[in-house]
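In what follows, a structure is listed as structure tokens, so that the remarks can point back to it.
Readers should treat all values here as calculations from the given coordinates under stated rules, not as data from a laboratory. Fair warning: this is a prediction, and the values are worked out from it, not measured in the lab. Please note: Cβ atoms are built from the backbone with ideal geometry, for glycine as well, and neighbour counts cover all protein chains shown.
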Amino acid sequence: MSATDEATAPATTPLAHPELGFYALSGQAASSRDLLDEVRQGEAMGFGTAFISERYNKKEAATLCGAAGAVTEHITIATAATNHNTRHPMVTAGYARTMQSLTDGRFVLGLGRGIDRLQDAYGIDRITTAQMEDFAGLMRRLFRGEVIMGHDGPAGSYPLLHLDATLDEHLPMNLVAFGPNTLKLAGRCFDEVILHTYFTDETTARCVETVKTAAEEAGRDPADVKVWSCFATIGDHFPEDRRLMKSVGRLATYLQGYGDLLVRTNDWDPAVLERFRNDELVANFRGGLDVSGTTDELEHVATLLPDEWLASSATGSPAQCVAAIRNQFALGCDGVITHGATPTELEPIIAAYGREAE
């Protein structure tokens, strides 16, 4: 069993579904305190991992991770993701070490490349593959108790980095990956990789193969790199307006932010993306459509998106959602994040998933 497997599903865990995860505070939560009930309920339902994404309004990752770790006993807490260049390496290392101590090893530090346009607006440097690889190496060395003198690499220049001379641990790390370079990086030196939502079956299978091949080429056991499918899960029991927001709204927001990359990755028709962008409502919309789009606006946006673009998700009855989730494992994924829904919203689906496994 790999170090990642041990962190995600220790032998003593009572978790029924260690291969499943969910995102805490999915979408635009009313209050950060909602996290407490969500992670407790997710743990009771048997989820293996609660993922925490970072937004600066009410979702600062370190604060939420500490809260989640304090009110749970078994579920893994993972960032997915934070950006390595928004904190000094010693701050991130201290945060990760504190989380490991608080949770008895139930923490996974997750990194991502981020959104170029947002980084430009905030005056944050764009993140490169080389920087993430260098940073991961620094974290590994710090958790082995090393004193790092005069580091000068892609992640920055630091006269001295040191965490604890008595420390000799493996810090589980994940990487949110999209393009081939990031996927290969995940295979080389991360424990887990999280794919993007609305990947087609062909894209998902290709990404899994890219990760596993890179791991093997780096002299690692491909089984030691866990690939998570981030799979939109929007059952028919959701109210229609919520389904629209979580499907059409969410995909439209991705297309607003980095549509070219998503379309290219899935081999979709770029002319459809161009029509979407040139639509008067979309072109003049301020902010993310999944944040403030009305039902009428989302119904209009739905006419701009082909059904096959929205098809890579779990929809329909609980049984149909379970079948779609199972298919992600058939494509080679090791875990599935039931994305875009709270544990309460996922209850009928997870109940059906558990019955099928009996």
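Working from label points 7 Å from Cα in the Cα-to-Cβ sense, the Asp221 to His237 distance is 3.8 nm. Computed from Cα positions, the angle between helix 343-357 and the longest principal axis of the chain comes to roughly 80 degrees. For Lys184, Lys58, the sequence from fewest to most other C-beta atoms within 10 Å is Lys58, Lys184.
FRET efficiency for the pair Leu261 and Gln320, taken as 1/(1 + (r/R0)^6) with r the Cβ-Cβ distance and R0 = 41 Å, rounds to 0.90.
In this label model, Ala302 and Leu160 are separated by 6.2 nm, measuring between points 7 Å along each Cα→Cβ vector.
If R0 is taken as 41 Å, the Cβ-Cβ distance between Ala357 and Glu60 corresponds to a FRET efficiency of 0.70.
Taking chymotrypsin sites (Phe, Trp or Tyr not before Pro) across the range 116-160, none is in a DSSP loop with at most 12 further Cβ atoms lying within 10 angstrom of its Cβ.
Per-residue ellipticity at 222 nm from helix content only, as computed over the chain with -39500 (n - 2.57) for each DSSP H run of at least four residues, stands at -14000 deg cm²/dmol.
With R₀ fixed at 25 Å, the C-beta to C-beta distance from Asp125 to Ser292 puts the FRET efficiency at about 0.30. Gain on full extension, evaluated as 0.36 nm per residue between Ala16 and Val147 minus their Cα-Cα distance, stands at 43.1 nm. Straight-line cross-link reach from Lys226 at under 21 Å between alpha-carbon atoms covers these lysines, not counting any fewer than eight positions away in the same chain: Lys184, Lys212. Taking θ as phi - 60° and the Karplus parameters 6.51, -1.76 and 1.60, the scalar couplings of the range 151-158 work out to 5, 9, x, x, 7, x, 10, 9 Hz in sequence order, x denoting glycine and proline.
Between Ala186, Ala205, Ala96, the Gaussian network model of the chain with springs among Cα atoms under 10 angstrom shows the greatest mean-square fluctuation at Ala205. Taking other Cβ atoms within 10 Å as a rough exposure proxy, Met173, Met45 sort from fewest to most as Met45, Met173.
Take Asn327, project a point 7 Å from its Cα along the Cβ direction, then tell me which residues of the range 259-302 have their backbone nitrogen under 19 Å from it. 266-269, by backbone N distance to the label point.
In this structure, the amide hydrogen of Phe107, modeled 1.01 Å from its nitrogen in the peptide plane, lies closer than 5 angstrom to those of Ile77, counting only residues at least 5 positions away or on a different chain.
Considering only Thr233, Thr265, Thr342, the mean-square fluctuation computed in a Gaussian network model of the chain, springs between alpha carbons under 10 angstrom, is largest for Thr265. Taking Val282, Val108, Val225 in turn, the Gaussian network model of the chain (Cα-Cα springs below 10 Å) assigns the largest fluctuation to Val282. For the chain, the dipole from Cβ point charges (+1 on Lys and Arg, -1 on Asp and Glu) about the Cα centre works out to 700 debye, to the nearest 20. Within the straight-line cut-off of under 27 Å between alpha carbons, the lysines reachable from Lys58 are Lys246, sequence neighbours fewer than 8 places apart in one chain being disregarded. Between helix 201-217 and the chain there is an angle of about 10 degrees, using the helix long axis and the longest principal axis of the Cα atoms. Return the distance in nm (one decimal) between the two label points of a simple spin-label model at Asp269 and Arg140, each offset 7 Å from Cα along Cα→Cβ. Between Asp269 and Arg140, the simple spin-label model gives 4.5 nm. For Val227, enumerate residues with amide H under 5 Å from its amide H, sequence gap 5+ or separate chain, H modeled in the peptide plane. Under 5 Å from the amide H of Val227: Val193, Asp334, Gly335. The packing ranking, built from the mean of other Cβ atoms within 10 Å per residue, places the peptides 285-293, 19-27 in the order 19-27, 285-293, highest first.
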